[in-house]
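These notes are about the structure you will find just below.
A short reminder: the numbers here are calculations on the coordinates, not readings from a lab. Note that the structure is predicted; figures quoted are calculated from it, not measured. Positions of Cβ are generated from backbone atoms using ideal geometry, with glycine treated the same way; all protein chains shown enter the neighbour counts.
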Amino acid sequence: MKKITTEDLNLYYGSFHALKGIGMAIEERRITAIIGPSGCGKSTLVRIFNRINDLIEEVRITGKVLIDGRNIYEPDYDLVSLRKSVGMVFQRPNPFPLSIYDNVAFGPRIHRMAGEGDLPGLVEESLKAVNLWGDLKDKLKRSALNIPLEQQQRLCIARLIAVRPDVLLMDEPCSALDPVATLKIEELMTELKKRYTIVIVTHNMQQAARISDETGFMLLGELIEFDRTEKIFTAPSDKRTEEYITGRYG
Amino acid sequence: MDRTLRRTKEFIVEGLIFLSGITSILFVVLIFVFLLKEGLSLFKEYPAGQFLFGTGWYPISEPPRFGIVPLVCGSLIVTVGAIMIAVPVSVAAALYISELAPVKIKDFLKAGIEMLAAIPSVVLGFIGMVTLVPFVRSFFHIPTGLTALSGSIMLAFMAMPTIITIAEDAINAVPKPYKEGALALGATRWQMMYKIVLVAASPGIIAAIMLGIGRVIGETMAVMMITGNSAVIPHSFLQPVRTMTATIASEMGETVYGSEHYFALFALGIVLFIITFIINFIADLFLHRKKI
Ligand SMILES: Nc1ncnc2c1ncn2[C@@H]1O[C@H](COP(=O)(O)OP(=O)(O)OP(=O)(O)O)[C@@H](O)[C@H]1O
Ligand SMILES: [Mg+2]
């Protein structure tokens, strides 16, 4: 099943053409990695899928982005429900300056998904899904800003899971973490893909190779190649992909 | 030769800077010492308990009474009223300016707020006297519009620039990732502002409010002109009141140097100083906490 499909997708920041005719199809319940040199448009691309790019003035988008068969850029598409079903994890963990509990409960509360009585169960379930419950169950009332970075990033994932999304977008989720924490988050992602469609942007090619099922390579706003990860890393069909994965670009 | 000249020059400049720094501190200390000396002289003849807890301020009756309760209450009611009006308006304005307003409107509003801050308080008091006071009188059908409420409204205008400016800084300082995180979870702009931005900015906003209170409680001219100047303990916002500042300003001219009344006004000054100091101190605590 294809979860997200783009057709001739273009994005302009003012007059700067940042995404050029992207066409791709992302499989449901797989990890799809987006790789490419700095500035090639990876973040811009994933920020399309939850329309968080809309916040930037002077952004113009043409083409189609279909999620579950519907174009999310249709004028009457419900932005709130889109962002509820397509969650995003950011480069630096960004827990809210609230308690751990309130961080996880934030989404369910704004979407009125559970009464206050059902919230504790939902919070527990979400923290368990990211393997944080054991560490944090006695600290739920403490500030989320005072836990280690890796736990903060897990908390941010738990915060998304609490609103029951289908898709998780992750823009370099491990770049602020040390190698051990990175491995743990990767393990978590592999677990999560049983239930969620994951799109991850990464600079780290080993990471893409380790965890993803499919990989897209971008260069200067174009999607050069999109294929099974194995194929991209062992037998890329485009010369530029090969040059990049063998380390000949920055 | 050239070098020694430069050295001397540097020495002199440094000395001057040091001197001006020291002078400012020295002045504060001198003022404080003077205030204490004059104010505390009152208690040689007049009991401190009757000063602090006395309910009547009759400085020229025989014997005089210097109970500051009505004056403290006067300041308090006017300040509370002003803050109740100024805080919601200012916080909403700060949110609008930093989160919602298009650039042009934002610049326009900021210029307007700066102008409001630049109006001398006598002028504001005068405008209040000829517009607000008659309005309050006819609106509430009361004998005089010179009331605590009029004072509160006027003072709210004076506190707003302070509160808006500092609250806006606090809101602007809320890290963008918080906002993006909230929106990416499907929060509306309003939910984001009210559940995340206001919470994250709350220490700064509290500091802004405290500084606004400090501004209001120390204000003299405008309140003197429009609160009616009657030293009775107020029971409602629609009564004339008299504040501590207005008392000092209006009576200082009539007292005899070294008289009991003269000392009483200084003692009142100490009380005002302590209140303002505590408020500024709390504001400082919050401003400081924000940085951590
Ligand atoms: N708000 C913006 N306004 C104008 N240009 C932008 C904006 N955001 C990004 N760009 C430009 O668009 C291009 C793609 O940026 P993007 O952040 O998507 O790259 P990236 O592949 O994620 O890079 P990195 O690996 O450094 O995160 C860059 O050239 C960047 O300068
Ligand atoms: Mg990026």
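The label-point distance for B:Thr276 and A:Leu145, in a model that sets each label 7 Å from Cα toward Cβ, rounds to 3.2 nm.
The radius of gyration of the Cα set in region A:103-174, together with its Dmax, comes out at 11.8, 35 angstrom.
Among the GluC sites (Glu not before Pro) in region A:21-79, those placed in a DSSP loop whose Cβ has at most 15 other Cβ atoms within 10 Å are A:Glu28, A:Glu57, A:Glu58. A Förster radius of 56 Å combined with the Cβ-Cβ distance from A:Asp76 to A:Lys137 puts the calculated FRET efficiency at roughly 0.85.
Loop-located chymotrypsin sites (Phe, Trp or Tyr not before Pro) across region A:202-250 with a Cβ neighbour count of 15 or fewer within 10 Å are A:Tyr249, with loop assigned by DSSP. Comparing A:Gly121, A:Gly87, A:Gly21 in a Gaussian network model of chain A where C-alpha atoms under 10 Å apart are linked, the largest mean-square fluctuation is found at A:Gly121. Normalised by the number of residues in region B:51-287, the average gap of Cα pairs under 8 Å and 6 or more apart makes the relative contact order 27 percent.
With an a/c value of 1.5 or above and a/b not larger than b/c for the gyration tensor axes a ≥ b ≥ c computed over the alpha-carbon atoms, region B:1-118 is described as oblate.
Checking the Cα-Cα distances for A:Lys2/A:Lys84; A:Lys42/A:Lys137; A:Lys194/A:Lys231; A:Lys128/B:Lys195; A:Lys84/B:Lys110; A:Lys184/A:Lys231 against a 31 Å cut-off, the pairs over it are A:Lys42/A:Lys137; A:Lys84/B:Lys110. Extent of region A:38-103 along its three principal axes (Cα atoms, max minus min coordinate, largest first): 40, 31, 22 Å. Only DSSP H runs of four or more residues enter the estimate; each adds -39500 (n - 2.57), and after division by the residues of chain A the mean residue ellipticity at 222 nm equals -10000 deg cm²/dmol. Calculated translational diffusion coefficient of region B:51-287 (20 °C, 1.002 mPa s; Stokes-Einstein with Kirkwood radius over alpha-carbon pairs) equals 111 µm²/s. DSSP finds beta bridges in chain A, and of those with both partners inside it, around 60 percent are antiparallel. Mean-square fluctuations from a GNM of chain B, with a 10 angstrom spring cutoff on Cα atoms, peak among B:Ala118, B:Ala159, B:Ala267 at B:Ala118. Helix A:100-110 and the long axis of chain A differ in direction by around 70°, with both axes built from C-alpha atoms. Placing one equal scatterer on every Cα of region A:39-150 and applying the Debye formula, the log10 ratio I(q)/I(0) at q = 0.17 Å⁻¹ is -0.97.
Filter the DSSP H helices in chain B by two things, a Kyte-Doolittle mean of at least 0.0 and an axial alpha-carbon span of 18 angstrom or more, and list the hits by number. Those that clear 18 Å and a mean of 0.0 are B:2-45, B:69-95, B:103-118, B:148-172, B:202-218, B:260-291.
The distance from the alpha carbon centre of region B:1-75 to that of region B:161-191 is 41 Å, rounded to a whole number. Beta bridges per DSSP, both residues in region A:127-227: antiparallel share near 50 percent.
The calculated FRET efficiency for A:Phe16 paired with B:Leu100, based on their beta-carbon distance and R0 = 22 Å, is about 0.25.
Look at where the Cα atoms of region A:168-229 and of region A:18-63 average out, and the two centres are 14 Å apart.
Scaled to the globular estimate 2.2 N^0.38 Å, the Cα spread of the protein assembly as shown, given as radius of gyration, is 1.34.
How many percent of DSSP beta bridges within the protein assembly as shown run antiparallel, rounded to 5? In the protein assembly as shown, approximately 60 percent of DSSP beta bridges are antiparallel ones. Build a GNM of chain A with springs between Cα atoms under 10 Å apart, and of A:Ile31, A:Ile211, A:Ile147 the one that fluctuates most is A:Ile147. What is the percent of Cα-Cα separations in region B:2-44 that go past 11 Å? The proportion of pairs with Cα distances above 11 Å equals 70 percent.
The angle between the Cα long axis of helix A:179-192 and the main principal axis of chain A comes to about 90°, on a 0 to 90 degree scale.
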